[in-house]
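Below: one structure, written as structure tokens.
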Amino acid sequence: MKISEFAKAAGCQAVTVRFYESKGLLGNPGRTPGNYRVYGEQDLERLLFIRNCRALGLAMQEIARLIELQDKPDLLCDDVNQLIDDHLFDVERQMQALQTLQSQLAGLRRRCDAQRRSSECGVLHALAVEQFKSGNTNRAKRQ
């Protein structure tokens with residue numbers, strides 16, 4: 001199948017397919033005599049695998065490692081489990097950061113009555129003088 005059919009079958013855009021190819025997650029597809037990309041069922045399985053990994057929030061390097069492990073079926077699951085455990089730890093940390101952020105925002109919201117003028121706004125005052133914990137939920141890059 002050509003790239004447009006392939007992408008549609010996986011529920012994504014052709015640009016996404018090209019992106020995964022550029023990152024080395026999808027192998028180089030076959031080509032027609034007219035130089036169009038041609039994909040098969042194994043390619044579709046791989047693309048769906050990648051999309052499932054992305055849906056779970058896995059980073060490109062994590063997906064690359066899982067593909068490497070998938071391509072070596074005689075290896076044990078220890079490395080897979082460790083990767084998933086690490087990702088789960090990251091997700092738990094992100095959830096804690098989001099709960100902190102939610103609490104801070106709710107506290108800020110309680111400080112302001114909509115009937116006040118902005119010069120008397122409790123939110124604006126608090127943002128100017130108080131120190132808030134970072135609500136940054138970006139995962140640290142692992143080497």
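The values are calculated or read from the model by the stated rules, or taken from the named source; none is laboratory data. Computed from a predicted model, the values in this text were never measured in an experiment. Neighbour counts are summed over all protein chains in view; Cβ atoms, including those assigned to glycine, are modelled from backbone coordinates with ideal geometry.
Looking for whichever is within 25 Å of residue 81 (Cα to Cα), without any contact (Cβ under 8 Å) to a residue 24 or more places away in the chain and among the basic types (Lys, Arg) here; the options are 65, 51. Which one fits? Quick ask: steps written out before the conclusion?
On the way: 51 fails: without any contact (Cβ under 8 Å) to a residue 24 or more places away in the chain.
Going through 65, 51 in turn, the sole match is 65.
When you scan the range 42-55, do you find a residue that is at pLDDT below 95, buried (at least 16 other Cβ atoms within 10 Å of the Cβ), of a type in the set (Lys, Arg) and closer than 24 Å to residue 5 by Cα, even just one? Steps first, please.
Within the range 42-55, the first condition is being at pLDDT below 95, and the residues that meet it are none.
No, because not a single residue in the range 42-55 is at pLDDT below 95, buried (at least 16 other Cβ atoms within 10 Å of the Cβ), of a type in the set (Lys, Arg) and closer than 24 Å to residue 5 by Cα.
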Listed by first then second residue, the pairs whose first member lies in the range 68-85 and is under 21 Å from residue 27 (Cα atoms), whose partner is aromatic (Phe, Trp, Tyr), with beta carbons under 8 Å and at least 6 positions apart or on separate chains, are 70/49
Can you find, within the range 112-133, the residue that is nearest to residue 53 (Cα to Cα) among those that are assigned to a loop (DSSP other than H, G, I, E, B) and touching a Cys at 6+ places or on another chain (Cβ under 8 Å)? 112
Among (1) touching an Asp or Glu at 6+ places or on another chain (Cβ under 9 Å); (2) of a type outside the set (Lys, Arg); (3) over 20 Å from residue 24 (Cβ atoms), residue 53 falls short only on (3)
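Can you find a residue that is surrounded by fewer than 10 Cβ atoms within 10 Å (Cβ to Cβ) and out of contact with any Phe, Trp or Tyr (no Cβ under 8 Å at 6 or more places or on another chain) anywhere in the range 56-70? Walk me through it before giving the result.
Of the residues in the range 56-70, the ones surrounded by fewer than 10 Cβ atoms within 10 Å (Cβ to Cβ) are none.
Scanning the range 56-70 turns up no residue that is surrounded by fewer than 10 Cβ atoms within 10 Å (Cβ to Cβ) and out of contact with any Phe, Trp or Tyr (no Cβ under 8 Å at 6 or more places or on another chain).
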Any idea which of 119, 134, 103 is at pLDDT below 85 and either of a type in the set (Ser, Thr, Tyr) or under 25 Å from residue 19 (Cα atoms) (or both)? 134
Among the residues of the range 106-116, how many are of a type in the set (A, V, I, L, M) and at pLDDT 90 or above? 2
Among the residues of the range 5-36, write down those that are aromatic (Phe, Trp, Tyr) and under 18 Å from the mean Cα position of the chain (by Cα). 19, 20
For the range 6-17, pairs from a residue that is under 15 Å from residue 41 (Cα atoms) and at pLDDT 95 or above to a residue that is assigned to a helix (DSSP H, G or I) and among the hydroxyl-bearing types (Ser, Thr, Tyr), with Cβ under 9 Å and 6 or more apart or across chains, are 7/16; 10/16
